[in-house]
1. Residue farthest toward the positive end of the dipole of the chain, with Cβ of Lys/Arg at +1 and Asp/Glu at -1: which of Ala16, Phe83, His95?
2. So what is Rg over Rh here for the chain, counting just Cα atoms and using Kirkwood for Rh?
3. Carbon and sulfur: what percent of the stretch 26-130's accessible surface (1.4 Å probe)?
4. In the chain, with Lys and Arg counted as +1 and Asp and Glu as -1 at Cβ, which of these residues, Ile35, Trp50, Asn65, has the Cα nearest the positive end of the dipole, that is, farthest along it?
5. Under the Karplus relation 6.51 cos²θ - 1.76 cosθ + 1.60, θ = phi - 60°, what is the ordered set of whole-Hz ³J(HN,Hα) values for the stretch 106-111, x standing for Gly and Pro?
6. Treat each spin label as a single point 7 Å out from the Cα along the C-beta direction, and report the Lys61 to Ala47 distance in nm.
7. Which order, highest average first, do 40-48, 105-113 follow once you tally other Cβ atoms within 10 Å for each residue and take the mean per peptide?
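The values are calculated or read from the model by the stated rules, or taken from the named source; none is laboratory data. Not measured: the values here are computed from a predicted model. Neighbour counts run over all protein chains shown; Cβ positions are idealised from the backbone, glycine included. These area figures cover heavy atoms from the full protein model, side chains too; ligands, DNA and RNA do not enter into them. Shrake-Rupley method; radii C 1.70, N 1.55, O 1.52, S 1.80 Å.
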Amino acid sequence: MKPMNLNLTTRRAVGACPKCKARVEFDESPLMRGIVPLCDRCDAQQADSWARQERDRAWRKYFFNRLPQGYHGAKRAEVTLLFQKIFEWSPEDSHGGIGLIGKSGIGKSHALASLLRKLEQPFLWWSGTE
């Protein structure tokens, strides 16, 4: 059987970026004829967007795996007035962690879970009842 001769020589081509319609010069392959790549600016924006999505996905996985399930939906808007000052805390201003002390059921864990969601930084969840 005679080997198939595939001519895969590329040629210089010009087209419009599929996203912003800017002029794009590129090497066109016979296998990809008619397909115009993104311009450099749109390609960089897409790469940044994908990287941001991956960071967000990794953070959500970390957050939900470390936080007790009952606090997965914790929202700042639902934190009682008693604990609103917690959102002024930042790890840079502190030489250690943060903790709240008080009676059971007054919103300490909810407030901390809301703060952790906002900070998006690694944490160790420790509770006297867990």
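1. Ala16
2. Looking at the chain, the ratio lands at 1.33.
3. Details: 4220 of 7760 Å².
Looking at the stretch 26-130 in its full context, I get 54 percent from C and S.
4. Value: Ile35.
5. Result, ordered by residue: 9, x, 4, 5, 4, 5 Hz.
6. Result: 2.2 nm between the two label points.
7. Going by the mean number of other Cβ atoms within 10 Å, highest first, we get 105-113, 40-48.
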